[in-house]
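Working notes for the structure below.
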Amino acid sequence: VPARWSAFAAMLPVYKPRPRPPQSRPPLAVRGLVRLSASHLACGLILLFFVHLAREDCLWQWLGLASIAVQADLAYLLVVILSVVGGSFWLLAVLAARNVGCESLAVFACAGFTIATVGWYSLVRLTELHELHIHIYGPAKHAWFRDDDNPFSTRPHSEIPQGLVASWLCVPTGAFHVAMQTLLRPWACVLPQSYLRPRLLQLGQLTFKSPWWEWREFLIGTIAWTSTVLCALVAATSDRHHVGYTATASALLVLATFLLTVEPIIWFWAFLGTSMQKLFFFGHKLPCLVLEERLAMLLCAWLMLRLVLIAVHERLERQRALFRMREYVQYASAHPFRADLEEGFGTCIDMDLQSPDLESNLNLGPDGLMEAERSAVQTKRRSLIIERRNQRWCQVAGTALLPSRLFINVRRSHLLSDSLRALVECPVAELLAPTLTVGFQGEQGIDAGGLSKDWFDSVARALADVSATSGPLAMAPDGALIPGPVKGSGTLLVAGLRGLLATGRFLALAVLRECPLPILLSSLTCKNLLLLPLCTEDVCRFDRDFFRHRVERTLGEDGVAELQQALCEPATFVSAPNSFNFQSEELLPGGAQREVTEDNKHEYLRLLCESHLCGFARKELSCFLEGFWDLLPLELLRGQDITPQELSALISGSGSPDPSEWRRHSRTATNCQVVEWFWEALHELTPAQRSLLLRFVTGSSRPPPDGFSDLRPPFTVDVSSCGSPEHLPQAHTCTNRLVLYSYTSKAQLLRKLHSALSTEGFGLV
C-alpha cells in the first residue's frame with residue numbers, strides 16, 4: 001500500500017505559488033537620478049549661491065540682510081502672531097468668566113496687558129528693522145521715514161524709545177501702511193480703472209520694472225484673498241472641522257509665501273532666474289555663464305527630472321497594481337488550489353476522537369500559546385517586519401520612489417466594500433509604507449494611531465459577519481473562518497475573487513502593522529497560508545461528522561461495504577456534499593463510473609478528503625493566498641519557521657482580555673474610589689463586553705500577541721474633575737487612555753460604561 005499511494009501522490013497537481021518576476025536592476029541613469037535626495041540637491045544649490053555671492057563681493061551684504069530678516073520676519077513676526085493668538089484666547093477666557101473676584105480680574109488685566117505689550121513691542125521693532133515709518137509721541141516727538149533713495153539702508157535709530165513699556169509711545173504706521181497695500185493691491189490690479197481712486201490706481205500699475213516688494217505685496221495679497229474665499233466656500237458647504245483644517249492650511253500657505261519672498265531669499269531666486277534667463281536667451285553663448293551658474297542649472301535640471309521620474313513611477317505603479325490584480329484572477333482560474341497531503345495520509349487512524357486536542361479549533365489559535373511562546377511570536381513578528389522592509393528597499397532604485405504614507409479614506413456605512421477596493425487597487429509598495437493614516441468620511445477624528453486600529457478592528461468584524469451573503473469569508477464546520485466560495489459567474493466571480501485577494505492583503509497588513517484582529521482563522525487556513533501538507537487530524541478538526549461517517553468508517557475492516565450500506569448505493573469516486581456545495585462532483589475523470597474497493601480505498605480517501613477540505617473554493621483559496629503572500633511572501637514566513645499556531649496568534653492576537661493581566665500592566669493617573677470601582681466592574685463584564693471596552697479605549701478589541709505587557713502606550717485610567725457624574729466616559733485611542741468622572745457608585749459607573757460602549761465613531765474633544 002505505501003508504494004501505491006506514494007505513486008498516486010505524485011500524480012496529484014499540488015498548488016504552487018504564482019512565480020514572482022525577478023526584480024530587474026534599474027538603469028544606471030535612473031539610479032543616479034534618485035540616489036541624491038531633494039535635500040542634497042537643495043544644499044548643492046545653496047552652496048553654489050554662496051560661491052556666486054563671494055565672487056560678486058556681495059556675501060557680507062547678503063548676510064546683513066539675512067540677519068535683519070531673521071530678526072524681523074522670523075523672530076519678531078512669530079512673537080506678533082503668538083501675541084494675537086494669545087490675545088484671542090485671553091478674550092475668550094474673559095467672555096467665559098462669570099462671577100469672578102477682584103483678584104481674578106487683576107490677574108486677567110495683567111495677563112492681557114503683558115500679551116499686548118509684548119506683541120506691540122515686537123511690531124515696533126519689526127518696523128524699525130525694515131526702516132519703515134514710525135510715529136513717536138512724547139517729549140521727543142519725532143516722525144521717522146525710510147529713505148526713498150536707499151530703501152535698504154541700515155541707519156541707526158537712536159530717536160526710537162527702547163524698552164517694552166516705552167514701545168507704547170511709538171506707532172508703527174509704516175507696517176500698517178504695508179499691510180493695507182498688500183490687501184488692496186490685488187483688487188487694484190483686477191478692478192477696472194474707472195472704479196479706482198488715484199491712490200488705488202497707482203497700486204495697480206505693476207510692470208516688470210516695478211520694485212520686487214510691490215510684486216511681493218501682490219502675491220501675498222492674492223494668496224490671502226484666495227484663501228479667504230476658499231474658507232468661506234468650505235464653511236458654506238462642509239462641516240465645521242473642515243473649516244478649521246482649511247483655515248489652518250491657508251494661514252500656513254500665506255506664512256510660507258511671506259517667508260519665501262523675504263529679500264535674502266529673493267536674492268537666491270534671482271540667482272537661479274538670471275542663470276535660466278542667460279541659458280534660454282543666450283544658449284549659444286555658454287561662456288556667458290560662470291561655473292557656479294552652469295552647475296546650478298545642472299542641479300535644477302537634475303531636480304526637475306527627478307520629480308518627473310517620481311511622478312511617472314507613482315502613476316505606473318498604480319497601473320501595474322490593476323494589471324497585477326487581473327493577473328491574479330487569471331492565475332487563480334488557470335491554477336485552482338489543491339492542497340498537499342502528508343505522506344501516508346489515509347492509510348490508518350491512530351488518534352482518539354475524544355482527545356482535548358481535537359475538541360475544538362481554538363487550541364490551535366492564539367489562546368493555546370504559553371507565555372514564552374507568545375514572546376517568541378512577537379520576536380518573529382519584528383523579524384518579519386524588518387526583513388520585509390529590507391526587501392521593499394531592495395526592489396527600487398532609491399527610497400525616493402517608495403511612498404512614505406498610505407492613506408485610506410472610507411465610509412463607515414460602506415466600510416467593507418470601500419476598504420477592500422482600496423486594498424486591491426493600491427500598489428504593494430504603498431501598502432508597505434511606514435505610515436498609515438485612516439479617515440472616516442463625516443467624522444472629525446484625526447488619526448494618530450487610534451483610527452487605524454479602529455479601522456482594522458471594524459473591517460475584521462465585518463469580515464467575520466458570515467450572515468452577509470457576499471462576504472469573502474465563511475464559517476467552517478469547526479466554527480472558524482475560511483475563504484468562502486464566490487457565487488455567480490462573469491463579473492460577479494471577478495469581483496468576488498478581487499475581494500478575497502484584498503482580504504488576504506488585509507490580514508497580512510494587520511500582521512505588519514501589529515494590529516490584532518477579532519477573528520479566528522481555521523487551522524486549515526493557517527496551514528494553507530504556510531503551504532504545509534495536511535494530515536488526518538486536520539480533517540477531523542475541520543469536520544468531525546464527515547471524518548466519523550466517511551473516513552473512519554471506510555478505513556475500518558470491510559469499511560467499503562459499511563460505506564455502501566450507509567449510502568444505500570455503490571460508493572464511487574465522487575465528492576461528498578457539504579454546506580458549501582450540495583452537488584457531488586467527480587474526484588477523477590470518469591470517477592462516477594469507478595467504484596471504491598478495498599484495494600483503492602486509500603486513493604479514494606485522499607481525493608475525497610482533499611476535495612472536502614478545499615474543493616468548494618479552489619479559485620477563491622488561490623486568490624486569498626496570493627493576496628496574503630503579496631505583503632508577506634511565503635519564503636519569508638518559512639524563513640522564520642512560523643507554525644500555524646503562531647500565524648494564528650500573529651493575526652488574531654492573544655485572545656479575549658484577561659482582567660487580572662489587564663490591571664497588572666495598566667497605569668492609573670489618579671488613585672481614588674472610582675478607579676477601584678472600574679477594576680471591580682471589569683471582572684463583572686462578560687468577555688464580549690471586555691473586548692468592546694478594550695476596543696473603545698484602544699481601537700482594537702484584542703490585546704497584542706504578547707498580552708497587555710506589549711500594549712504601547714500602556715492602558716491608562718484617569719478620573720477627571722472637570723465634568724459631572726452625568727458625563728459618559730471618554731476614550732483617547734491614540735494614547736490608550738480612558739477618562740472617567742466622579743461617579744457616585746459602581747452601579748452608575750457600569751451604566752455609563754454600557755452607554756459609552758454602544759457608541760460608534762470618532763470626534764474631536
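The values are calculated or read from the model by the stated rules, or taken from the named source; none is laboratory data. Source: prediction; values computed, not measured. Every residue, glycine among them, receives a Cβ derived from its backbone with ideal geometry; neighbour counts consider all protein chains shown. In case anyone asks, the SASA skips ligands and DNA or RNA and just uses the protein heavy atoms, side chains included. Shrake-Rupley method; radii C 1.70, N 1.55, O 1.52, S 1.80 Å.
Here is how the numbers come out for the structure above:
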quantity: Around Gly496: net Lys/Arg minus Asp/Glu count, Cβ-Cβ under 14 Å; calculated: +4
quantity: Largest to smallest accessible area among Tyr604, Tyr245 [probe 1.4 Å]; calculated: Tyr245, Tyr604
quantity: Calculated FRET efficiency for the pair Leu492/Glu562, C-beta based, R₀ 41 Å, to 0.05; calculated: 0.50
quantity: Built amide H within the under 5 Å cut-off of Leu473, gap 5+; calculated: Gly484
quantity: For the stretch 492-582: accessible area per residue (Å², 1.4 Å); calculated: 35
quantity: Spin-label pair His754/Cys110, simplified geometry with 7 Å Cα→Cβ offset, distance in nm; calculated: 5.2
quantity: Carbon + sulfur, % of accessible area of the stretch 559-660 - ligands and nucleic acids excluded, 1.4 Å; calculated: 47
quantity: Separation of the Ala270 and Asp641 label points, Cα + 7 Å toward Cβ, nm; calculated: 7.0
quantity: All-pairs Cα distance distribution in the stretch 650-758, expressed in whole percent, bin size 10 Å; calculated: 15, 52, 29, 4, 0
quantity: Percent accessible area from carbon and sulfur atoms, the stretch 458-510, protein chains only, probe 1.4 Å; calculated: 58
quantity: Sorted peptide list for 713-719, 410-416, criterion being average Cβ within 10 angstrom, highest first; calculated: 713-719, 410-416
quantity: Stretch gain in nm, segment Leu191-Ala179, where the contour uses 0.36 nm per residue and the Cα spacing is subtracted; calculated: 2.4 nm
quantity: 1.4 Å probe accessible area per residue over the stretch 598-651, in Å²; calculated: 23
quantity: Directionally averaged projected area (convex hull, Cα atoms, the stretch 599-654), nm²; calculated: 5.7
quantity: Label-point separation, Arg326 to Asp57 (7 Å along Cα→Cβ), nm; calculated: 6.8
quantity: Hydrodynamic radius of the stretch 391-548 per Kirkwood, over alpha carbon pairs, in Å; calculated: 17.3
quantity: Gain in span if fully extended, His683 to Arg712, counting 0.36 nm per residue against the direct Cα distance; calculated: 8.2 nm
quantity: Too-long pairs where the Cα-Cα distance tops 27 Å, listed order kept, from Lys380/Lys453; Lys453/Lys619; Lys527/Lys619; Lys453/Lys746; Lys380/Lys487; calculated: Lys453/Lys619; Lys453/Lys746; Lys380/Lys487
quantity: Accessible surface of Val466 - all protein chains present, 1.4 Å probe, nearest 10 Å²; calculated: 60
